[in-house]
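J.: Input: one structure, supplied below.
Computed from the coordinates by the stated procedures, all read-outs in this text should not be read as laboratory data. Since we're looking at a predicted model, the values are computed, not measured. With ideal geometry, Cβ positions are generated from the backbone for all residues, glycine too; neighbour counts draw on all protein chains shown.
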Amino acid sequence: MSDQVTPPPVAEQARVEADAAATAAAPRITLLTRVSEVRNLGLVGVLAILGIIGAITADTFWTRSNLLTILQQASVIGVISVGMTFVIIGGGIDLSVGKVMALASVWSTTVATQSYGPVVMVLCALLVGMGAGLVNGLLIAYGQLVPFIATLAMLAAARGLAERISKKQTQLVTQDAINNLATTKPLGISLLVWIFAVVAVVGWIVLNRTTYGRRTFAIGGNLEAARLAGIHVRRHTASLYVLSGLCVGIAAIMITSLTTTGSSTHGDLYELDAIAAVIIGGTLLTGGRGTIAGSVLGVLVFTTISNLFILNNLQTETQNIAKGVIIVIAVLLQRRGRQTAT
Amino acid sequence: MKPTTIGIGRREMLLGAAGVGAATVLTACTGNSKKSTPPATTAAAVGNANSAPGKTVTIGFSAPAADHGWIAAIANNASAEAKKFSDVKLEAVQPTNDIAAQIAAVETLINKKADVIVMLPNDGKQLTTVARKAMNAGIQVINLDRIFDSPLAYRTWIGGDNYGMGVSAGDYVGTELKRKGVSNPVIAEVAGIDSLPLTQQRSQGFRDSLAKYGFRVGPRQAAQFTVASGQQVTANLLQSAPRIDAMWNHDDDQGVGVLAAIRQAGRSEFFMVGGAGSANAMREIKADKGVLKATVLYPPTMASSAIQLARLLAQGHGMSDLTQPEVPAFITLYSATVTKENVDQYLPLGFES
């Protein structure tokens, strides 16, 4: 792109403009999807290997109820990962997701909130999630705080607030409408899995088929170019964290239903699980590239590993080692994939 | 996500209004005044010679800040018990999870010259020095549950029995399975944090006890004492065994998640035993609608007993049913099994998780 021999400032300007244009243009998108398909193929391979291991080591692995259990276990972290994918593609990171989810679950299950009924509980969880996301977004986009620091601060504050509201006690949900989300099974599949599917599909459409999605890629790919191309960079960046907060709010309702409680202990280390899933899903930690499908596959890989370990009655410590190894292998494979694809 | 071409003024106004509205709704939702937990009433030895009011004694009390129901019950039980005696003055210091702050708090109790100090240390090792300091100053220390490093640091230790919990759970499971005539039963175990000695002791007791019946533990997984981890581990564990005959879950708080997972999987072919003894678990047992049929206690009422012991120590009495004129040095509580039959007796002692 930058093979001109004109003086540096002009060359820089031209390159930047070309970049911005290319990011927004269709051909680049197809190239991106092609590259990411190669990456996702790796993850599908990993899943296939896990499936084979499952078939050999545990006779209940390939049962309908076990596969549905894996999907249900993946659903909460999956929804969070969809939001996280947007944030990371946009060049940021959100470390606060786990504890904001805990805060939303606690806030929406207090005695007072529960007395207003399930609709208010759901609204409360969504508002808390989006509110925390908005604070993150404003601090990062307008307060010029590094995303890592701003969301780390939010993690600490949200945990404190969740513990304060709940007095560190487990809050039982007495509203059956909420608890039943996890036990209702349209077409034999848990409602939580359906929610995950809807969030993933909507996320995919927004990311790949709308201006909003293209702008997200543009900002994460080259902030300056995006700004020069006329994108409201700050506003867009802030909105990414609100979007992540919305996903966290949805996840809070799901975990509340799954555990029938709100608790400040929910969502411990979910930020790491979500980031790991997004990264092994092929999204660049530096932003500008990534796919929802990859993140979903990443979540499924981790959940399947957990499931495999428990089916074989292995203890959880070893699971974490396996997760670590898989992250490294996936990233190494990606790098090779990228080199061969470009 | 949103079109960016709408007039900004109107949209910002709408957003602002939505924000204000959201804030109002949210602040209305932080209220959390549960119906106050009635403090556990123990069957205190009211009526024997020792219960007659004696010289007034000052009992210092220090415990960690309540980070879960069990610790909260410890503090509640201690103050409720002290109120029952007209001759007991309880000096409860600010509960804290900070080691240094607890040391400082105990030092103020020493300076105030309390007659006895009842202490549940944040960490037995790290509070040993200050406990010895109290003992050296002539203040008798009652060590609650988490034991000090040195016997010189306490006059009397009273606490729960983790190994015994496992034994009680194993006995209930073993007896029930024998009664039902199940041969080769699948017995599952959902443990707490595996790296803690208390979890290892509980599991050891469970294994040893089951061995008496010729049974052994099948699928075993460790959760994190949290509801979410209980749900996650159990949902997967249930898939590993299409048929389970019995399950022991170490902790009633994570048990809420365990029960949720069982309900979501639509499983009901087995019975489950809980652990610790939360009021919620006891209500489930009493209702007798789900798989939870029993729970083995690790009772926070030990704090009530500690106050009684402190009073006896300060007044120079022994435990009147025993021959010795002094209070014993070491008291391990029995881990009772609560079932539908005796739940009414224990329900007032259960703690809110």
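J.: Taking a cut-off of 12 Å between Cα atoms, list the aspartates and glutamates near residue A:99, but don't count ones fewer than 8 places away on the same chain.
T.: A:163, A:268, A:271
J.: Hey, another quick one. Which residue fluctuates most in the GNM of chain B (Cα springs below 10 Å): B:94, B:204, B:324?
T.: B:324
J.: Within chain B, what's the longest stretch lacking GluC sites (Glu not before Pro) that sit in DSSP loops with no more than 13 other Cβ atoms inside 10 Å?
T.: Longest site-free region, per DSSP loop and neighbour criteria: B:1-268.
J.: Per DSSP helix of 4 or more residues, -39500 (n - 2.57); summed, then divided by the residues of chain A. What does that give at 222 nm, rounded to the nearest 500?
T.: Values: 15 runs with 263 residues, N = 342.
The per-residue figure over chain A is -26000 deg cm²/dmol.
J.: Can you list the aspartates and glutamates whose alpha carbon sits under 18 Å from that of residue A:185, skipping same-chain ones fewer than 8 residues off?
T.: Straight-line reach from residue A:185, under 18 Å: A:176.
J.: So for chain B, averaging the separation of alpha carbon pairs under 8 Å that are six or more residues apart and normalising by length, what relative contact order in percent results?
T.: This gives 18 percent for chain B.
J.: Give, rounded to the nearest 20 debye, the magnitude of the charge dipole that the protein assembly as shown has about its Cα centre when Lys and Arg contribute +1 at Cβ and Asp and Glu contribute -1 at Cβ. All intermediate terms of the calculation are to be shown ahead of the outcome.
T.: Working: 55 positive and 43 negative charges, 239 e Å.
Here the size comes out at about 1140 debye.
J.: Relative to the compact-globule scaling 2.2 N^0.38 Å, provide the ratio for the alpha-carbon radius of gyration of segment B:162-297.
T.: Output field value: 0.92.
J.: Report the Rg/Rh value for chain A, based on alpha-carbon coordinates and the Kirkwood definition of Rh.
T.: Taking Rg over the Kirkwood Rh, I get 1.00.
J.: Then there is this: Ordered by residue, what ³J(HN,Hα) values in Hz, to whole numbers, does segment B:169-180 give under the Karplus form 6.51 cos²θ - 1.76 cosθ + 1.60, where θ = phi - 60° and Gly and Pro are x?
T.: Karplus-based 3J(HN,Hα) across segment B:169-180 equals 4, x, 5, 5, 4, x, 4, 4, 5, 5, 4, 7 Hz.
J.: Excluding residues on the same chain fewer than 8 positions from residue B:289, give the aspartates and glutamates whose Cα lies under 14 Å from its Cα.
T.: B:269
J.: Would you calculate, for chain B, the mean residue ellipticity at 222 nm contributed by helices, counting each DSSP H stretch of 4 or more residues as -39,500 (n - 2.57) and dividing by all residues, to the nearest 500? Walk me through the numbers on the way to the answer.
T.: Details: 11 runs with 151 residues, N = 353.
The helix-only estimate for chain B comes to -13500 deg cm²/dmol at 222 nm.
J.: Between B:306, B:52, B:281, where does the largest GNM mean-square fluctuation fall for chain B, given springs only between Cα atoms within less than 10 Å?
T.: Checking each option, the largest mean-square fluctuation is seen for B:52.
J.: Show me the chymotrypsin sites (Phe, Trp or Tyr not before Pro) within segment B:302-353 that DSSP assigns to loop and that have at most 16 other Cβ atoms within 10 Å of their Cβ.
T.: Hits after loop and neighbour filter: B:334.
J.: Follow-up. If amide hydrogens are placed 1.01 Å from N in the peptide plane, which non-local residues have theirs closer than 5 Å to the one on residue B:248?
T.: Under 5 Å from the amide H of residue B:248 lie the amide H atoms of B:188, B:189, B:190, B:273, each far enough along the sequence or on another chain.
J.: May I pose another question? Name the residue farthest towards the positive end of the dipole of the protein assembly as shown from the options A:181, A:60, A:262, assuming +1 on Cβ of Lys and Arg, -1 on Cβ of Asp and Glu, about the Cα centre.
T.: A:181
J.: So, one more: Rounded, prolate or oblate: which one fits chain B, using the alpha carbon gyration tensor with axes a ≥ b ≥ c (rounded when a/c is under 1.5, else prolate when a/b beats b/c, else oblate)?
T.: It is oblate, given that a/c is not under 1.5 and a/b is not larger than b/c.
J.: For the charge dipole of segment B:162-297, defined by +1 on Lys and Arg C-beta atoms and -1 on Asp and Glu C-beta atoms about the Cα centroid, which residue among B:277, B:166, B:185 has the Cα displaced farthest towards the positive pole?
T.: B:185
J.: Taking Cα pairs under 8 Å and at least six residues apart, what relative contact order does chain A come out at, in percent?
T.: Relative CO of chain A lands at 32 percent.
J.: Oh, and also: Taking 7 Å along the Cα-to-C-beta vector as the label spot, tell me the residue A:319-residue B:112 distance in nanometres, rounded to one decimal.
T.: 4.6 nm
J.: With everything on Cα atoms, drop me the angle between helix A:270-280 and the longest principal axis of chain A, reported from 0 to 90° to the nearest 10.
T.: Taking Cα atoms only, the helix is inclined about 40 degrees.
J.: How long, wide and thick is the protein assembly as shown, going by the Cα atoms along their three principal axes, in whole angstroms, largest first?
T.: 101, 60, 45 Å, listed from the longest principal axis down.
J.: Next question, about the same structure. Starting from the 7 Å offset along Cα-to-Cβ, what nm value, one decimal, do you get for the label separation of residue B:330 and residue A:152?
T.: Calculated label separation equals 4.7 nm.
J.: Something else now. What per residue convex hull volume, in Å³, comes out for segment A:196-342 when only alpha-carbon positions are used? If you can, show how the numbers build up before the last one.
T.: Working: hull volume 20.2 nm³, N = 147.
About 137 Å³ per residue, rounded to a whole number.
J.: By how many degrees, between 0 and 90 and to the nearest 10, does the Cα long axis of helix A:118-141 differ from the longest principal axis of chain A?
T.: Roughly 30 degrees between the two axes.
J.: Using only Cα atoms, find the angle between the long axis of helix A:97-107 and the longest principal axis of chain A, and express it within 0 to 90 degrees, rounded to the nearest 10.
T.: 40 degrees
J.: Before anything else, pin down the relative contact order of segment B:162-297: Cα pairs under 8 Å, at least 6 apart, normalised by residue count, whole percent.
T.: Reported relative contact order: 25 percent.
J.: Place +1 on the Cβ of every Lys and Arg and -1 on the Cβ of every Asp and Glu in the protein assembly as shown, take the dipole about the Cα centre, and give the residue among A:312, B:73, A:333 whose Cα lies farthest towards its positive end.
T.: In the protein assembly as shown, that residue is A:333.
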